[in-house]
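Structure first, then comments.
The values are calculated or read from the model by the stated rules, or taken from the named source; none is laboratory data. Values in this document were obtained by computation on a predicted structure and should not be read as measured data. All Cβ positions, even for glycine, are placed from backbone atoms using ideal geometry, and neighbour counts span all protein chains on display.
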Amino acid sequence: MTVDSNTTRALIETVARRVIASAGELTDLDRAIGDGDHGINMQRGFEAVLAQLDQLAVQGLGNALKGVGTTLVLKVGGASGPLYGTLFMALGKALPDEVTREQLADALALAVDAVKARGKSDIGQKTMLDVLGPVLAVLRDGGDDLPSRLRATAAAAASATVPMKAIRGRASFLGERSIGHMDPGARSSALMVEAVADVMEGRG
Amino acid sequence: MSGNVGIVIVSHSPDVARGTADMVRQMVGSEVPLGWCGGDPGGGLGTNVEAILAAIQAAWSEQGVAVLVDLGGAETNSEMAIEMLPEIRRGRVVVCNAPIVEGAVMAATEAASGAPLDAVRRTAEELTPG
């Protein structure tokens, strides 16, 4: 499919608005096992993205996502700035404007690897990767009802971080006490996947 | 002065960064180029890639720059900042795996002797157990 400027705009705007609308929830999750700034940091970053929406939307999908990434790196702060910035920049670098599901999966695979390298982390350590990994697997397999399965996978994967013990990030300082709370980065990743799935179904 | 390795201090707290810089200055005066930053882009506790880039610029030395960080986000943001430097400078900036206050003071003391970047980093990292 061709991702035109209207769809690019809808994708970026929907992701940004969903994250901003959930800033309070993300901060509460981060207060339980981190330093309590994830929501406010992500809100600041995505408000800066929305402020550039007009310019971003007309640049083509790849360049627009790179622009989102750069803005997140500079505006979010915390560890989530470079991590989400790297995710979007790597996606943008790999995505043409006319994109097949296979190309999208290839781009997400590269982006997930870039996030792993940036965070020196891997799947199973109670991070955003625990959502992005399963979402990538579903995207790779394709099939019917893809948006609804992506949405369900992301939500289930975020919930699956609750019993995990944190190995990376501030939550790892808590050791066993990080068990029993959803990872805030997993939750923010799930919000983004849900937003993309909604746009795919025309419900942005 | 530009002959010595520069030191950059990146803390989540501007007070910690400024205080650490004060301790470095007391040890080595102005013999070592020094930059510091602390706080997120909104002014709260956190770190900020733009401020880190500015601190690296302030402490720039042709001999290289050693960066001392506190908690995880400071390390991740410092690594991101280094990747955003012009290619010619990128390889001459290192993040030290060392405690921020002691590491900065020890690294600066070593840098003031004219030691190369590798030695400055090693001196700071000797403070890290294991």
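Taking the conditions exactly as written (within 10 Å of the chain's Cα centre (by Cα) and either within 14 Å of chain A (Cβ to nearest Cβ) or touching a residue at least 12 places away in the same chain (Cβ under 8 Å) (or both)), does B:S78 satisfy them or not?
Numbers: within 10 Å of the chain's Cα centre (by Cα): yes; either within 14 Å of chain A (Cβ to nearest Cβ) or touching a residue at least 12 places away in the same chain (Cβ under 8 Å) (or both): yes.
So B:S78 fits the description; yes.
Is the stretch B:28-41 home to any residue that is away from chain A (no Cβ under 11 Å), hydroxyl-bearing (S, T, Y) and surrounded by fewer than 16 Cβ atoms within 10 Å (Cβ to Cβ)?
Checked the stretch B:28-41: at least one residue is away from chain A (no Cβ under 11 Å), hydroxyl-bearing (S, T, Y) and surrounded by fewer than 16 Cβ atoms within 10 Å (Cβ to Cβ).
Every residue in the stretch A:147-198 that is assigned to a helix (DSSP H, G or I) and at pLDDT below 95, please. Before you say what the answer is, go through the steps one by one.
Step one: filter the stretch A:147-198 for residues assigned to a helix (DSSP H, G or I), giving A:147-159, A:170-178, A:184-198.
Across the stretch A:147-198, the qualifying residues are A:R170, A:A171, A:S172, A:F173, A:L174, A:G175, A:E176, A:R177, A:S178.
One residue is enough: does the stretch B:60-67 have a residue meeting the conditions more than 11 Å from every other protein chain (Cβ to nearest Cβ), over 14 Å from the mean Cα position of the chain (by Cα) and touching a residue at least 40 places away in the same chain (Cβ under 8 Å)?
Looking only at the stretch B:60-67, we keep the residues that are more than 11 Å from every other protein chain (Cβ to nearest Cβ), and these are B:60-67.
Narrowing the set further to residues that are over 14 Å from the mean Cα position of the chain (by Cα) leaves B:62.
If we keep only those that are touching a residue at least 40 places away in the same chain (Cβ under 8 Å) as well, we get B:62.
Yes, there is a match, as at least one residue in the stretch B:60-67 is more than 11 Å from every other protein chain (Cβ to nearest Cβ), over 14 Å from the mean Cα position of the chain (by Cα) and touching a residue at least 40 places away in the same chain (Cβ under 8 Å).
Could you grab me the full set of residues in the stretch A:108-152 that are β-branched (V, I, T) and free of Cβ contacts under 8 Å to residues at least 24 places away in the same chain?
Residues of the stretch A:108-152 β-branched (V, I, T): A:112, A:115, A:123, A:127, A:131, A:135, A:138.
Within the stretch A:108-152, A:I123, A:V138 qualify.
When you check A:T7 against the structure, is it surrounded by fewer than 23 Cβ atoms within 10 Å (Cβ to Cβ), polar (S, T, N, Q) and touching a Phe, Trp or Tyr at 6+ places or on another chain (Cβ under 9 Å), yes or no? Step through it out loud before you land on a result.
On the way: surrounded by fewer than 23 Cβ atoms within 10 Å (Cβ to Cβ): yes; polar (S, T, N, Q): yes; touching a Phe, Trp or Tyr at 6+ places or on another chain (Cβ under 9 Å): no.
In short, no.
Do you know which of the residues in the stretch A:127-146 that are more than 14 Å from chain B (Cβ to nearest Cβ) and outside any helix (DSSP H, G or I) is surrounded by the fewest Cβ atoms within 10 Å (Cβ to Cβ)?
A:D144
Condition first: farther than 20 Å from A:R170 by Cβ and either of a type in the set (A, V, I, L, M, F, W, C) or part of a loop (DSSP other than H, G, I, E, B) (or both). Now tell me which residues in the stretch A:103-126 satisfy that.
Our first condition is that a residue be farther than 20 Å from A:R170 by Cβ; within the stretch A:103-126, this holds for A:103-114.
Passing the criteria: A:L104, A:A105, A:A107, A:L108, A:A109, A:L110, A:A111, A:V112, A:A114.
Scan the stretch A:5-20 and report the pairs whose first residue is closer than 13 Å to A:L72 by Cα and whose second residue is crowded, with 19+ Cβ neighbours inside 10 Å and of a type in the set (S, T, Y), with Cβ atoms within less than 9 Å and a gap of 6+ or a chain change.
A:V19/A:S188
Do you know which of the residues in the stretch B:101-117 that are closer than 29 Å to B:S13 by Cβ and not small (G, A, S) is surrounded by the most Cβ atoms within 10 Å (Cβ to Cβ)?
So the first thing to find is which residues in the stretch B:101-117 are closer than 29 Å to B:S13 by Cβ, and the list is B:101-112, B:115, B:117.
Then keep just the ones that are not small (G, A, S); that gives B:101-102, B:105-106, B:109-110, B:117.
Numbers: B:V101: 18, B:E102: 15, B:V105: 21, B:M106: 22, B:T109: 19, B:E110: 24, B:L117: 20.
Taking the candidates together, the pick is B:E110.
Let me confirm something: among A:V99, A:V19, A:V49, which residue is aliphatic (A, V, I, L, M), over 15 Å from A:R187 (Cβ atoms) and under 16 Å from the mean Cα position of the chain (by Cα)?
Values: A:V99 fails: under 16 Å from the mean Cα position of the chain (by Cα); A:V19 fails: over 15 Å from A:R187 (Cβ atoms).
The match here is A:V49.
Given the criteria under 18 Å from B:V69 (Cβ atoms), under 15 Å from the mean Cα position of the chain (by Cα) and among the basic types (K, R), does B:R18 qualify?
Working: under 18 Å from B:V69 (Cβ atoms): yes; under 15 Å from the mean Cα position of the chain (by Cα): yes; among the basic types (K, R): yes.
So B:R18 fits the description; yes.
Sort out for me the helices (runs of 4 or more DSSP H) sitting completely within the stretch A:41-102 that have 2 or more residues that are buried (at least 24 other Cβ atoms within 10 Å of the Cβ) and within 13 Å of another protein chain (Cβ to nearest Cβ).
Working: elements: A:53-57, A:61-75, A:80-94.
In the stretch A:41-102, the matching helices (runs of 4 or more DSSP H) lie at A:61-75, A:80-94.
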